[in-house]
Each structure stands twice: as structure tokens, then as C-alpha cells.
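To start, the structure under review is shown below, and the notes come after it.
Please treat every number below as a calculation from the coordinates, not as lab data. Every value quoted in this text rests on a predicted model; they were computed, and no experiment measured them. With ideal geometry, Cβ positions are generated from the backbone for all residues, glycine too; neighbour counts draw on all protein chains shown.
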Amino acid sequence: METHHSSHPEHPLFLYNEISDMNHEARCSKCTKPVGSEKTYACNDCKFYLHKDCTDLLPRAIRHPYHPQCILNIQVSSDFGCDSCHRIFNSEDSFRCKKCDFDLDTRCALMPTIKSESHEEEENNLQYFRHQHQLQLIIGIKNDVACFVCHEPCLQGQPIYGCIPCDCFAHKSCTQLPREIQHPFNPSHHRLTLTPNHFGFRCNHCNAQFSTFRFYCKETGFWLCLKCFPLKPYRSGADELLPEIKHPFSPESPLLLQGNKDFWCDFCHKFFSTDWCYCSQECQMDIQCALMPPIIESEGQGNDHVIHHSGHQHPLTFMEIKNDEDCQQVHCFVCRQGFLEGQPIYGCTRCECYAHKSCAELPSMKHVFHPLFLRSGQYQPFCCNLCFSLSSSFRYHCKECDFNLCLKCLYVKPTIKYKSHPHALVFIERIFKETLYCNECKKSIKAFANEDDEYFPTQNCAFRCKDCDFNLHLLCGPLPCKIEHEDHCHPLTYTDKVVEDARGVYYCGLCQEERDPRVQVYWCADCSYIADVKCVISEILHILKGELDGVDFRAVGEPTEDADLNMKALDSTLADIMKNLSKDDEQELNVLLAPLRVESEDKVTPNEVQQEHDYRKEYLPHTDKDFHQLMGRLCSACLTNNNKEMVISNREFEQNLVVVDGYMISWKLVPVLTELLGKYKNFTPDNSNFTPEVKAVCIFFLCWVVNSMRKEMVVYVTETKLAYWWYYLNALLHKGFKIDFLLEHLKRVIQAYFGLQAKKQSKEIVDSLNIESILASSVQKKNKLTEKLQKLQEDHKQYETYMASRRPRFIQKCLKEAFELEWSYADCEFIDHTISVLSKAVRPESASIVMEDMTLRYLIDEEMDSSEEESEAASDDEISDKDLQEPNDNNELSENEQVDSPEPPTKEAHEINKETNEEQSEIVRDEETSDDDLQEPNINNDFSPYNVQDYDQLMERLSHSDSDDLLLEDSEFWEQKIVDIGGYLITLNFAPILKDLITKYGDFSKGSRHRSPKYKAYFFSLLCWTINSMRKTWVIHVTEDLLGTWFFILNYVKDEGRFKIKFILDRLTRVIQAHFGFKIASRDHDILQTLNRNIISISRELNNLEYEAEECRRLYQQHETFMALPKSSLMKKCLEEAHKLEWTSAFPNL
């Protein structure tokens, strides 16, 4: 049979009687139960299954009278709420109208229409608009039900309306709620509609979370809960407040009344929590401030001591703070800061609002970056668009572009000129943003720099162009060309670098401490006086924050005296020239531009990147071969390396060009070109056919290399920088440029670099091969490991001795039982394994069925009923029977006692005999154990063997086993037919076992207090069930849970049934001891394995220590031998250049 279903619309479903030949893990997609042998719809391609009972093929679409305007389509919804019964459903079919967001579960959708039985009943009914059936009036409902409107319980005696078939109930008051209202809490004044909500909402008035019905405004999304619906805006001691007022603080829009809000009043600048307020898009005010009448000035007109502030509606009067107590009680409502004693302020004593004199006199409008207007602070902090600080004080705000300016940045102006940027820059003394990066050095401007850093004052200052988001560090941006300091008589000039001598030690003249030679300084050329930037930072900040008229600025690398240079400015840049190169010019410049293409196209894979050569991996000194390998790497590194360290930034090509003596060059490289021309005059190719554009590009690369070399000291040069310098200079040399002097000096720098690396490596080798320290450490480690190894070997020997001869006799007995019973069945001593348990349809020849319909459960229930009847009949003569009864001195039980019904096997029944069993086991163990036998090996706790106490714990766990539930839940055990075996009743399947037991051991139920064969049948069945379980289990496969089940049932039969089954309990005791013996053997094996692994591991560590010490001696001797050999002339030259040039610039001043 083929059909389609909405839960699997992709393919048709086919009906199967069973799915046994398919995936055995197949489950119904709706109820998630295994499909089993039930009739099931299936799609074999998708492995989709659906019980026939789980779907009777619902219609795909219906038209329902509860929602007649639309057709409802069936679909499987993950989570939905039914709009009739208002229950939540998960992953079930529903009939849905997507247009109206209307859902009905299948039960409500297919439920027939319910009609009233009488006219009187119909009059008491209510057709509620949120339920499909009429609701019946109910008074005094007995069951606990909840209202589907407000979700509150319906109390007894309370009148409610309900639909019994749908189990839906509602308070009478809830059904009388209006369907539409207009509420003053809604600021839009739209009408609110009563609608259900199944998945929760947050009330816009009280801010609480609900999942009840609510009043909803579809246009604005305003939600009002049922608890806030009856509220009205009242004020204590006054009439009802107006929902809307006009106020001079908000001239463009009226103030609307709202309640239960957390807000800052823009009038008194105080914070209110969950209170009423009047608010608009412009401001919000508490009730008292909004309704406060204005103050009319009479005597204060024209008084200089009275001002009006845009942040307060009353005039502010000039006053002074007189004492410290007043300072602590109030603060400025403009900047949120406190006051000092004697400080002039303005204030309104009626509203307790005060402001600093400087804050109160702030202009109401500022026009620096935007048309900015002074606005009150908010309870949510704003972020300043210049310094990125967070503040809740007053601010200057531009509404159109949402620009905010804090009061600290009020007077900053973009007046600092920077030649590499078209716009003027503004100086910010403190930046509060971690992710702001300098456009020059590409490093972060540290908003929260480490104060221990000596350059801390310079790290969180910045130059900014807000419109372009252009940012510079203080040391990367333009600084004053000249400053004056009180410790020196002459002005100090800003200089990129000053090289005093070649000793490599540089000091600041102010603090007399060592300075970083790479950082620019202020110096006096006449006195050779040098001041580090960090020591004159206060003078620099004083200039940057003051009036900048007439102050000249210069950044690192910029020309110092533009007026002395013969320059002509151009409107073009080098980038413009390179974009408009002809094909011939591009071919001419192909070699120079090749490294740029590698960097821009990023074609180099990580495996191809040439890493900085690490000489420290070797323990041999540098040789001539190493130098030649270095030169080989320098010749090819820049074409196979996109190292960001030497990438020429686009900003270098975008600087404006100037003409200097007929050469086009970017203005920042003018000093380099001027010095080259002044010293070497004509270094360009003779009779060259270069176009001016090609020559400009070549001159740029030449000056860029020279400038890069001048800014770097030899001691800080890297192999990557050398590679770029070497590549560009050789490319220009091949173009005909006369720059042999540059290449010669670069060769000296390369030799110095190699010599420095050789010295550094030699020192590191000596430090790393500190033979005395290494050997001393090796001996110390060796002693510790040797001591640890000896302890482990001793533990291993001690444990082997314990295993061989020092075990307690009881532990030895358990091991012996484990060895003997390992591959035998748990019951092999008292049952014939040739017999088999019978099925329900077969019975032995000697057995006769007592009753066709009699099962063990039926037999026990019948006997218990008869016992109750007999006890009731004898209850009338109970007193006389007791009087006539003679004392029974014999141990035999009375007849009434013998017919008592047995309780089912539970833990509580067995607790009575638990102590007896423990005492018996203790007696047996004490007979087999002496004090001498209980000695254990004195080794680590991690390697302790099992002992007698562990066996006691095992028996304790067996006594408290919960596995008797396994038998109680076995329905087959209780539903077996009862048969008669020679007068003994037993279930059919266990008849052969009982017959064999009686044949071997006779009637072991003679001592039972239950004389009724029916009661004995119950105990016989328990006993045979246990024996059958034991006869099917090898001793080695026995688990602790299985032992607990056997132990519990057998003791229950012995104690409660008084059966003489010592032969079975003795066998179980042997099995338990064998099980414990297996655990002992497993623990022994684990302990020995762990000890052996640890011994092997420590032995290897000792061998490694010996090898490392020997290798260290060999390497040290090898190094000493090589160092004693005479050095080549090349190595001598490299070491000599390293000594001369170490603390000099890679290219000194020309």
C-alpha cells in the first residue's frame, strides 16, 4: 500500500507488516519507539519509519469553523502553541495558517463540534473568542486546574468557565477582559489587542517575563501584561496625572507618562529606580521636576551672579563651597566631579543642583568638528569620538551623525600639520581604545600601557585625523622642532638620531641614564648636549596643548630646513607615475619592481618563506663557507620572501613629489638626495636613455635604501634588511648608477653583521656548553633517579616474596578456589548438566499439570486470599482460642504460623539475617587466618594487594545488592504453568531441576514453616531459578551483580522458607571466594606490570643522562679545538668590521 504523509513529503511511504528484515535499530519518527513487528509505513531510501497507529493519514488541509477565513495546512512543527487549547507541543503535527500565525493541534482540529444539550445550559455557556467550543459555567470545581488566560490556579468555589472535553478552564473575570484597550502606558497611543502568547514575552512597563495572554500593539511592538493592565498612573496625595504634558525642556515633542522605569532625570540629574517619569525622545524627567512650576526672576534680573544653563530650567546662583562637608555631599551635575573647598560654583538650592563655575559657563554650542550642542549626560555612558573615553557627564552631541565629544576634548583643535597627510591633526593626550593602530609603525597605541615602561608617557598619546581615522604615535608624529628646558641654556633641536661615538653606550644629559639610540632626541649641537624624549615629555605636552601659532613641527625623516633647498613642488606622486608607465618603462623597471610584486601578489607559500638563519642550532664556529652561504641567501631572499619587516608601504609612494636639481623625488627623501648630490654630485648613469619617469623611480629606490640604512644601527641589522638593501643596490648598479661607494660600505656592514653573529654564537655556545654546571646538574639528577630505581626494585622483590610465601591462608584459599573452579559451572556439584530446562509446551512424563490456567502468580494470589479468609473466620474466637491454647515448648511452629504467606524477596526481608551471615563468615575466616598470616608488603599505597578486609567489603556489597529487581521484573518466571512432581508443585520449566535435586538430596523443605504445597512451590521456583542461572554460568564469567542476586535469593529461601540448602550455599561461598581470587590475581598482575614499567622508564632516563653528559663533553671539546685553530683572513676581517661598526649607523652621515 502506497501513500503520502506530511511528515515526509519528499517520497511516498509503503506499508509493511513488519520491519524485521530491515535495520533492527529502526524507530518511529513520531513516537521514537522501535518499529518491531507492528505495521509500519516506511521509506527505504531515507530510512524513514512511521507506525500505522501513529498516523492514520491525516488530511493535508482542512477548513475549520474556528478559523473559517483561511485554509489550514498540515505540517510538522518543532514547537508550537495551539490557539484553541493553548497547550505547547513539541515536534508534532499541526494544522497551521502561516499568514495569520494560527495553529491547531490535530486533536483540536479534528474534534467534532460540541452542542449544548438544553436551552438553559446554552444560556449559561459562553463563546470565548480564544476557544473553539462554548465554555460552560462551573462553580466549585474539585480538581486542581489553571486558567489558560492568566495561568493562575482556579480556586474551589470560584466561578469559572470551562470546556470539559478540551480540559480548558478560565476565570470568569479573565473571560471578561476587553479585547481592545487604549492605555496611557503605551507611548504611541495605539490600541492594544488581547492576544495569547505561548513562548514568553517581557512587559514593557514592569519589565517582567510572562507567558500568559497580553495586550499587544502590532504597529510598535508594545507589550503590556495582565498585571499592569488595571494600573493607573497615580501620584501619592494628588489627583490622577495627565498622560501627556508639554514642557520647555522638550519643545519639539510632548512628555508622555511612563511607569516602572530606571532613569536619570535630565532636570535634577538624579537617578531613579522603577519609578514614574515623563519622557520623550529628547529628555526624561521625574514627576516632581516635570510638574515643578517655573521660578520667575524679580530681583535677579540682569544680575551677573545669576545665569541660565541649558541643563537646568531654573536660574543658577553664584556661590562658594565653605567647608569639606559640603564638598562631600554634592557634585557637579555637568562633569560628575566633586568640589574643592572655596571653589566658586553655580547652584540651584531648591533642586540641589550645583556645577563648577567653568562647567556652568560652557557654551551651549560648539562648531569645531560638527554643529555640536551641549546635552545632558545619560545613565548609559557614551563614548567620545576623539579620545574613546566612556563617560556619563554632559557632552557635545551632533544628532544627525551621532557624534559625541566629551568635556576633556572640548577645546582641542586640528591645527598640527603633517606633511604625509592632507588634513591637520589634533593631539589627544590620552587614548582609551586598545585596538587603535599607528598608521606609521603599524603598532598599537597602548590605551593602558605599563607604567613601569620608561616610555610610558609617550605610548598612550596620539595624533588623530578623525575624518580619515588616521592615527600616529607621539614619537611617530610631528613634534616641535625646538624646545627650551630649564636645565640647559640653549634651545634644544629635534633630531632623528645622534651618534656620539662607537662605544655603543649612549646616555641622556638630563637623567644621566642609558638611552635607546634608536629613539629620536632633542640636542644642542653647540654643546653636544642630548636629552631623551621621555625626559622632556612635559615640555613637549605643554607646547602641544597650548597655542600653536608660530610653532614649527617635524616628524622623523622629514627635511629640517625647506627654505635652504632648491625645490619645486609638484602635484603628482610616485604612485601616479608608476600607474602611467609605458610598457617599455615597465620592462626597464622590471627588476626593481619584482620584490613589490612578490609582496602584493603574496604568491609565496609558507614553506617557501626564507626564515632568518639561526646559527644557534650549530655547535661549530662560523667559517668562510658560512659567509658565502650568507651572501647566496642575500642574493635571492627578497624575491622569495614577503617579510612585512621590509615592505615599502603605499604611503611612501603616495607622497608628493618635488624637483631637486632636476631630479623628481618624494619630499620626505629630499635630505638624502641633497646629501648624495652634495658629496657625489653625478651618480646617475652617463648617456642614459632613461625617461624622467624611470629615473624618478630609480632615484626613489636609491634614496629609500640609503634612508633605511641611515636609520638602522649595525648591531640591530637583520638578514632580511641586508637582503633588500643588497638586492636594490645591485639592481641599480646594473642600470648604470655609480654607487660603488654604497655597495662597498654595504659589504662592510654585511661583514660586520657576520662578525657579530659569530661573536654572539660563540658566546651562546660557551654558555650552553657550561660543562661544570651541566655535569653537576646531571650528577644530581642521576642520584635522585638511582635512589628511585633502587626503591622500585626493592618493592618488586618484596612483592614477589609476598606472593610466593607470605600471603594469609584465607587469600591463598581464594586463589586456590579460583584455580580449581575457573572453567567449571557455578553449580556443577549438585545438578546434572545433562538435563535441560523445559519450555512451556513440554513437560516431563512424571509431571502432571494441576490446572491449565494456573500460574505461579495465580497460585500465590489464591493462597493469600484463602489465608485472609481463614484468619477472618477465626478472629471471632481469637480470645477463647488463646485461652485454651497450651504453651508450645517444642520448636515446631503452630498451624497459624505455618500458613503465613511469604513476602516477596526484598532487601528488607534479608536484613534480619544479615548479621548472622556475617558472623558465620567471620568464624570461617578466623579459623583459617592467624596474625602472622596477615602481614603485607611495605610498599607504596598505589601497589597495595587485596587483603581480608577487601573480602569483607565484597561480602558487604553482596548483602546490600539491589539486583533482586531482576527476578521481580521477570514476567516469564511468574507466568509459568504449575506442574506436580511427586507431590511437589513447581513451575513447568524448572520441573527437571527440582526432580534431580529431590533425587539427590531428598526433601530439603521438611523444616519449612509453610506446609501448603502452593507456598512451597513459590520457594521451589525461586531456588530452581537461581540454580538454573548458576548452571549456565562459568565461574570465570561470574560478575559481582550476578553474585549479589544469587546470594540474596538463596539466603531468602533459607531464612524465610526454612529450606535446608546448605549444600547450595556452600557452593556459592566457594564461587564467591573464587571470584575474589580472580580479583587478587588481576591486582597482582597490574602491580607487577606497573613496577616493571617504572623500572624500565627510570633506567632509560639514567641512560639518557649518561649520553647527554658524554655528548656535552664531546661538543665542548670540539668547540675548543675549532676555536684554537687559526682564523682565516675573511673571518678576521668580519670580526674587525664588527668591532668598528657595531654601534654606528648602517650608513653614516654623508
Practice problem: Output the pairs from 788/813; 442/738; 679/711; 443/738 with a Cα-Cα distance over 30 Å in this structure; if there are none, say none. | Solution: 788/813; 442/738; 443/738
Practice problem: Evaluate the distance, in nm, between pseudo-label points positioned 7 Å from the Cα of residue 784 and of residue 487 along their respective Cα→Cβ axes. | Solution: 4.9
Quiz item: If you look at just the Cα atoms of segment 1017-1150, how large are its Rg and its Dmax in Å?
Solution: 39.9, 119
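Once the piece of chain linking residue 820 and residue 1036 is laid out straight, how much longer is it, given 0.36 nm per residue of separation minus the C-alpha distance between them? Working shown, then result.
Details: separation 216, 0.36 × 216 = 77.76 nm, distance 1.06 nm.
Extending this stretch completely gives an extra 76.7 nm.
By how many nm would the segment from residue 762 to residue 245 lengthen if fully extended, with 0.36 nm per residue of separation less the alpha-carbon distance? List each step's numbers first, then the result.
Numbers: separation 517, 0.36 × 517 = 186.12 nm, distance 8.64 nm.
That works out to 177.5 nm of additional length.
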Quiz prompt | Inter-part distance where segment 739-793 and segment 649-725 are each reduced to a Cα centre, Å | solution = 41
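Of 534/760; 721/747; 413/568; 681/721; 1006/1062; 759/1140, which pairs sit farther than 20 Å apart, going by alpha carbon to alpha carbon? All intermediate terms of the calculation are to be shown ahead of the outcome.
Working: 534/760 31 Å; 721/747 13 Å; 413/568 31 Å; 681/721 27 Å; 1006/1062 14 Å; 759/1140 14 Å.
Distance filter (> 20 Å) returns 534/760; 413/568; 681/721.
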Quiz item: Label residue 400 and residue 661 with points 7 Å out from Cα along Cα→Cβ: what is the distance between them in nm?
Solution: 5.2
Quiz item: Simple spin-label model, 7 Å along Cα-to-Cβ: residue 1069 to residue 1128 in nm?
Solution: 9.2
Self-check item: Estimated FRET transfer efficiency (residue 1028, residue 773; beta-carbon r; R0 60 Å; 0.05)
Solution: 0.20
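Set the Förster radius R0 to 51 Å, insert the Cβ-Cβ distance between residue 340 and residue 649 as r into 1/(1 + (r/R0)^6), and round the FRET efficiency to 0.05.
Values: r = 49 Å, r/R0 = 0.97.
Result of the calculation: an efficiency of 0.55.
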Self-check item: Gain on full stretching of the segment that runs from residue 383 to residue 46 - 0.36 nm per residue minus C-alpha separation
Solution: 115.7 nm
Quiz item: Can you pull the semi-axes for segment 663-748, root of five times each eigenvalue of the Cα gyration tensor, sorted largest first, whole Å?
Solution: 21, 14, 12
